[in-house]
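Down below is the structure, laid out as structure tokens.
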Ligand SMILES: [Fe+2]
């Protein structure tokens, strides 16, 4: 019998190695030009303003992301009259000890957000020194419209398991990202970034949300 994995939801991945150098430079420049940025899920670290998708320097990245989203559009069997477009995009820099708490992007708490109807979210990994934080995805989604009900879950007692590395004990999946990776996932998937242990170095990524709009 073949095991068909589905519990991690869908995560789309591709790699854009060549483009990472230019975008890494851009995010480092954001830090110089606007050292305060904004604070959302980051514990320590730095996040840029979330309007990078409207800036000329990021036009190429916007094109790459929207080009990739065509495949997702097809796989989700959406009607041709709609397309994915970027709602917001921002850069992240984490130094040693910094991390991002568990969150989801269905309602990004941004002051200048254009829309809250994010469907797909993503991460572009620009610089990942050894021992930098990993992106963890939770297996189970929380349905906030039904908070009064506890989710019903299968629980096998730990003493029935051969060892404590058993996948059943893990409620999350930590993605082993490579520099240049572009990940996309449903915006309601709960995720986090674990603390970095990178003395004198920095972990740099760009995050974004995609919404659906009618073709013009
Ligand atoms: Fe996130």
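What follows is calculated from the coordinates using simple rules that are stated; it is not laboratory data. Predicted model, so just to flag it, every value in this text is computed and none were measured. Every residue, glycine among them, receives a Cβ derived from its backbone with ideal geometry; neighbour counts consider all protein chains shown.
List of remarks:
- Extension gain (nm, one decimal) between residue 158 and residue 103, 0.36 nm per residue minus Cα-Cα: 17.0 nm
- FRET efficiency estimate (nearest 0.05) - Cβ-Cβ, residue 95 to residue 2, R0 45 angstrom: 0.55
- P(r) histogram, all alpha-carbon pairs of the stretch 11-214 included - 5 Å bins from 0, percent: 1, 7, 14, 18, 20, 16, 10, 7, 4, 2, 0, 0
- Sorting 190, 210 from the fewest to the most surrounding beta carbons within 10 angstrom yields 190, 210.
- Residue-span extension gain [residue 178 to residue 31] - 0.36 nm each, minus C-alpha spacing: 50.6 nm
- Maximal additional length on extending the residue 17-residue 51 stretch stands at 9.9 nm, based on 0.36 nm per residue less the C-alpha distance.
- Distance (nanometres) between label positions extended 7 Å along Cα→Cβ at residue 200 and residue 167: 4.1
- Average Cα contact separation per residue, the stretch 11-214, under 8 Å, 6 or more apart, as relative contact order %: 37
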